[in-house]
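Some notes on the structure that comes next.
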Amino acid sequence: MTGKPILQVLSGESVWPPPVWLMRQAGRHLPEYRATRAVAGSFMDLCLNPELAAQVTLQPVRRYGMDAAILFSDILIVPWAMGQGLTFAEGEGPRLPPIRDRADLDRLDAKGAAARAAPIMKTVRRVRLALDADHPRTTLIGFSGALWTVACYMLEGKGGGEFKQARRLIHADPEFFAALMAKLEEATLAYLLAQAEAGAEVLMIFDSWAGQLPPEAFRKWVIEPTARLRAAIKAARPDLPVIGFPRLAGPMLAEYAAATGVQAVGMDTAMDPAWAAANVPARTALQGNLDPEALIAGGTALRTQAEGILAAMKGRPFIFNLGHGVEQPTPIEHVMQLMEILRAA
């Protein structure tokens, strides 16, 4: 018994009512976040300011009593730390100089990435100290983007769309793509282990664009890299749990769970929880998958969907979450309504 509900679930226990946290819980729907962001300046300035990033990480724990604090950062910190430029244009998302050839690839410094990301580790240490002092049952989650998803951004130079540069490259020049993935894997592993050393108790790997790939490519570029990362993390930190989130994996979710060795898999909004409960290995915890739009709607719509998810998950190791991130228009009172529904489960 750890005393931390999320760690209990990730060790294979069915905790009821289930623990809860929300993807993007530390973000734009909170007025305290907007005030902190105004002090910081740009999004990157906020990510790289340990004092302010720690405040943002802790804000939803203090307001809602979430069972986890997830590090406030971004999945593109690793390419930034490797030396690829990264900016965030207001209303347009991330922008990176796209990787196009060997010269671009050679300029990336995988070995120095963790050192350049040192401000992130200062944030992790600050948050862990604060949680230990004031929220001893709350788990600290560190994270990175998965290799496939981050490579998509690195090649495209921006988010959104169908990431055709990456999808074409795995067919037209798989050796070049594999070389990019190898560099990215080295940097990502070092970055994740540095978070664990700084105090993260769980690591989450976000593969936001896993659903872009057909099954064989999914196995090669989503499952296999994640399995290698998980094995390397286990070798270094045997007791450190990992959550994988292969968004829009569909029926590949069960194979991903069985093959990667992660302790939990995230269910996206499109996943049928009953199907996941029946097909994902029983030893693997499930996390998810309330529609963020239902959270915005609140009322009966929110209650109906939340109770349906709870019914499908009863008896399994389960962490309640969204199927994607909290959206900016989400009313605070609707998050409070959700917390009340879960407490009464």
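Read the figures in this text as sums done on the coordinates, not as results from a lab. Note that the structure is predicted; figures quoted are calculated from it, not measured. Reconstructed Cβ throughout: ideal geometry from the backbone, glycine too, with neighbour counts over all protein chains shown.
Here are the numbers for this structure:
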read-out: Cα Rg, Dmax, segment 44-198, angstrom units; value: 16.7, 53
read-out: Segment 5-343 - Rg (one decimal) and Dmax (whole number), Cα, Å; value: 18.9, 56
read-out: Test item: Cα-centred dipole of segment 58-185, Lys/Arg +1 and Asp/Glu -1 on Cβ, debye; value: 340 debye
read-out: Helix-only mean residue ellipticity at 222 nm for the chain, each DSSP H run of n ≥ 4 adding -39500 (n - 2.57), per residue, nearest 500; value: -15000 deg cm²/dmol
read-out: Of 111/234; 183/220; 158/183; 4/111; 122/220, those spanning more than 24 Å from alpha-carbon to alpha-carbon; value: 4/111; 122/220
read-out: Cβ charges +1 (Lys, Arg) and -1 (Asp, Glu), total dipole of segment 5-343, debye; value: 380 debye
read-out: For 135, 171, order by how many other beta-carbon atoms lie within 10 Å, fewest first; value: 171, 135
read-out: Likely footprinting exposure, 9, 127, fewest C-beta neighbours within 10 Å first; value: 9, 127
read-out: Per DSSP, loop GluC sites (Glu not before Pro) in segment 28-104 with at most 13 further Cβ within 10 Å; value: 90, 92
read-out: Dipole axis of segment 89-183 (+1 Lys, Arg; -1 Asp, Glu on Cβ), positive-most option in 91, 136, 177; value: 136
read-out: Net charge over other residues, Cβ less than 14 angstrom from the Cβ of residue 15 (K, R count +1; D, E count -1); value: +3
read-out: Relative contact order (percent, whole number), segment 5-343, Cα cutoff 8 Å, 6+ residue spacing; value: 21 percent
read-out: Span-rule helices in the chain, defined as complete DSSP H runs reaching 30 Å or more along the axis (Cα) with Kyte mean at least 0.0; value: 174-198
read-out: Packing-based exposure ordering (other Cβ within 10 Å, fewest first) of 21, 16, 148; value: 16, 21, 148
read-out: Listed residues 254, 236, 282, most fluctuating in the chain (Gaussian network, C-alpha, under 10 Å); value: 236
read-out: Over segment 149-211, relative contact order from alpha-carbon pairs under 8 Å, at least 6 apart, %; value: 33 percent
